[in-house]
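The values are calculated or read from the model by the stated rules, or taken from the named source; none is laboratory data. Values in this document were obtained by computation on a predicted structure and should not be read as measured data. A quick note on method: Cβ atoms are made from the backbone with ideal geometry, for glycine too, and the neighbour counts reach across all protein chains shown.
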Amino acid sequence: MIFLSVAGITKRFGGVVANRNISFDVAAGELVGIIGPNGAGKSTLFEVITGFYRPETGEVRLQGQRLTGLSPDRVSRQGVARTFQKLRPFQGMTVLGNVTVGALQKSHDVKQARKEAQEILERVGLADKADAYARTLSTGQRKRLELARALATRPRLLLLDEVTGGVDQGSIPGLVSLVQDLHRAGITLLVIEHNMRVITAVAQRIVALYLGEVIADGPTEAVTRDRRVVEAYLGQAYAER
């Protein structure tokens, strides 16, 4: 059964076409990787799905309900959450406060929202940082905080934009395990990632973009060996590994 439908999305910025007729479906509980070189249109696609941009053509539906045309807050209330490549925590608030703000979207009881936030911090490995200010965290910890804030909105669909980008190598395995745990918990995920070791470790399927278009869509192993993907993004050295 189709959970997420992305159908014919085209998004332009003046004369630049960032997304051109992008279409793919995602099943409930699936983890789909989105790959492509810089400028391929990956983050723009996330902005379209989450309501920050309105496309010129096409539509996005979640379990049959049209998301296109809704504001970002209404898309979020439908159960769609995302993280950002450029981290945006509330620097002057505690880690617990940041996550509580997210939880208040679904719970108007501050005490209950705070309790949910504490449970989520346990889940993402930040319980010992609950009272620390967000500005004091390392990049890897801020990535976990970004995930925690998204999880606090109780998403059915979670979009992760470069969840391991910019972190030290020692932090990557823990973040990969966290993404895998979320998938096992039943959350449907779309994951943008440049680190191919990460994407091949977590994704069941990959959608590859190049110059705003889908050039491949299929099982992870097949897409990473696809000639068009190798030529446009991965390089022959990767294909021959």
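Scanning segment 102-125 for residues that are crowded, with 17+ Cβ neighbours inside 10 Å and aliphatic (A, V, I, L, M) turns up Ala103, Leu104, Ala113, Ala117, Ile120, Leu121, Val124.
Selection of segment 102-118 for residues being part of a helix (DSSP H, G or I) and touching a helix residue (DSSP H, G or I) at 6+ places or on another chain (Cβ under 9 Å) yields Gly102, Ala103, Val110, Gln112, Ala113, Arg114, Lys115, Glu116, Ala117, Gln118. For segment 125-143, a tally of residues being of a type in the set (Ser, Thr, Tyr) and in a helix (DSSP H, G or I) returns 2.
Just to be sure, is Val163 at pLDDT below 90 and within 24 Å of Asp25 (Cα to Cα)? Give the derivation first.
Values: at pLDDT below 90: yes; within 24 Å of Asp25 (Cα to Cα): yes.
Taking the combined requirement at face value, the residue satisfies it.
Picking from residues in segment 83-97 that are modelled with pLDDT of 85 or more and in contact with an Asp or Glu (Cβ under 9 Å, 6 or more places away or on another chain), the one that is farthest from Leu175 (Cα to Cα) is Thr94.
Among the residues making up segment 5-34, a single one is within 19 Å of Arg184 (Cβ to Cβ), in contact with a helix residue (DSSP H, G or I) (Cβ under 8 Å, 6 or more places away or on another chain) and not small (Gly, Ala, Ser): Leu31. Considering Val32, Val48, Val60, the condition of being in contact with a Ser or Thr (Cβ under 7 Å, 6 or more places away or on another chain) and among the hydrophobic types (A, V, I, L, M, F, W, C) is satisfied by Val60 alone. Strands (runs of 3 or more DSSP E) fully within segment 9-95 that include at least 2 residues being surrounded by 14 or more Cβ atoms within 10 Å (Cβ to Cβ) and under 15 Å from the mean Cα position of the chain (by Cα): 31-35, 80-82. On the stretch given as segment 1-57, residues that are under 18 Å from Ala203 (Cα atoms), in contact (Cβ under 8 Å) with a residue 24 or more places away in the chain and acidic (Asp, Glu) total 1.
Kindly check whether there is at least one residue in segment 150-165 that is among the β-branched types (Val, Ile, Thr) and under 30 Å from Pro37 (Cβ atoms). Walk me through it before giving the result.
Step one: filter segment 150-165 for residues among the β-branched types (Val, Ile, Thr), giving 153, 163-164.
Then drop every residue that is not under 30 Å from Pro37 (Cβ atoms), which leaves 163-164.
Yes, segment 150-165 contains at least one residue that is among the β-branched types (Val, Ile, Thr) and under 30 Å from Pro37 (Cβ atoms).
Any residue at all in segment 214-222 that is free of Cβ contacts under 8 Å to residues at least 60 places away in the same chain and within 30 Å of Gln91 (Cβ to Cβ)? No, segment 214-222 has no match at all.
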